[in-house]
Amino acid sequence: MKRAPRISVAIPLHNEETVLPELLRRLRAVLDELPGGPHQMVFVDDGSTDGTLEVLEDEARRDERILAISLSRNFGHQAALTAALDHVRGDVTVVMDGDLQDTPEEIPRFLERHADGFDVVYARRTQRKESWALRACYFLFYRVMARLSEVPVPLDSGDFALMSRRVVDHLKRMPEHHRYLRGLRSWVGLRQTGIDVERAERHAGRSKYGFFRLLKLASDGIFAFSIVPIRAAALLGAVTIGLAAIFAAYSVFAKFFLQDSPKGFTAEVLLGTFLSGVLLFFLGIIGEYVGRVYEEVKARPLYLVGRVVGAASAQESQERPGSTADVLAVRR
């Protein structure tokens with residue numbers, strides 16, 4: 001008889017003091033009903049300024065299943081999620097957000113599909129509760145991303161997913177800084193499937209993903225998995241050269257055969273301004289790629305750990321030199 005898998009739940013947190021008690025209550029209720037174990041809950045505090053870390057530390061001392069990791073500052077959602085994945089020990093790992101929009105009660109459904117032989121089971125978000133404008137942006141982004149990406153990325157799927165141990169191990173070997181984990185998860189391949197999950201409302205507080213953070217995440221996904229923007233610049237340049245050649249040929253024809261030459265100072269100004277704007281726009285795109293190469297070449301750590309609290313922290317410290325309560329650990 002096949003042994004029930006040990007489950008790790010990886011959750012990044014940033015200023016979720018009001019949500020955390022309800023999250024822990026519901027997550028514990030789900031894990032208590034699952035066979036196998038001992039299961040694990042890995043929480044990463046991404047530089048919170050409220051009482052999130054204090055609540056985590058208190059809970060970690062009372063529940064040996066909890067591992068609380070405090071980063072030295074705010075490194076961003078994807079870096080915090082990476083830190084959580086670096087510390088999981090389960091046979092399977094469930095990745096979810098800490099605002100209860102990803103509901104813990106869906107975990108048994110993930111496990112059912114995993115038992116069918118899938119290495120990745122991701123949530124397809126349905127009936128989102130955000131504003132219509134935000135829902136429209138998400139809808140558009142996922143479809144643009146799917147068209148541009150060289151790696152098939154499932155539509156309407158976020159970070160909420162179950163991954164097998166070998167998928168997590170593959171992700172841990174990917175050192176890039178501008179991370180788009182749902183894209184990296186697809187890049188790994190292996191057997192993957194999705195389940196429809198209704199996207200719940202945030203339990204309390206407000207979203208930490210404002211417009212510019214969402215824009216950055218979207219750009220990380222596009223620039224990490226597609227060079228179509230650069231190819232578009234080359235294509236537009238070729239089209240512009242072709243049109244300019246046609247216009248030049250017409251000008252010569254009009255001069256010698258029609259005894260006339262094209263006129264239009266305003267058209268020339270508008271055309272010059274348009275092409276200058278296009279040139280600067282694509283220089284910015286190329287600069288974005290170059291800047292990302294520059295970030296990778298510097299090889300700075302993706303995150304720094306300031307404190308690890310929990311029953312497993314001693315073992316983690318031995319396995320990861322420097323990852324103690326007083327010494328910073330790095331992840332390259």
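The values are calculated or read from the model by the stated rules, or taken from the named source; none is laboratory data. Given the structure is predicted, the values throughout are model-derived calculations rather than measurements. Using ideal geometry, Cβ is built from the backbone for each residue, glycine included, and neighbour counts are taken over all protein chains shown.
Key figures
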| read-out | value |
| --- | --- |
| Every residue from region 52-76 that is within 25 Å of the chain's Cα centre (by Cα), under 16 Å from Leu24 (Cα atoms) and outside any strand (DSSP E or B) | Thr52, Leu53, Leu56 |
| When residues of region 18-32 are limited to those that are among the charged types (D, E, K, R) and without any contact (Cβ under 8 Å) to a residue 60 or more places away in the chain, the one surrounded by the most Cβ atoms within 10 Å (Cβ to Cβ) | Arg28 |
| Set Gly36, Gly47: member being in contact with a Leu (Cβ under 9 Å, 6 or more places away or on another chain), surrounded by fewer than 21 Cβ atoms within 10 Å (Cβ to Cβ) and either free of Cβ contacts under 8 Å to residues at least 40 places away in the same chain or part of a loop (DSSP other than H, G, I, E, B) (or both) | Gly47 |
| Candidate set from region 298-332 (those that are at pLDDT 75 or above and surrounded by fewer than 17 Cβ atoms within 10 Å (Cβ to Cβ)); member that is nearest to Asp45 (Cα to Cα) | Pro301 |
| Listing of helices (runs of 4 or more DSSP H) fully contained in region 101-187 that carry 3 or more residues being surrounded by fewer than 19 Cβ atoms within 10 Å (Cβ to Cβ), at pLDDT below 75 and over 17 Å from the mean Cα position of the chain (by Cα) | 132-148 |
| Among (1) in a strand (DSSP E or B); (2) farther than 13 Å from Val309 by Cβ - the single one Leu24 does not satisfy | (1) |
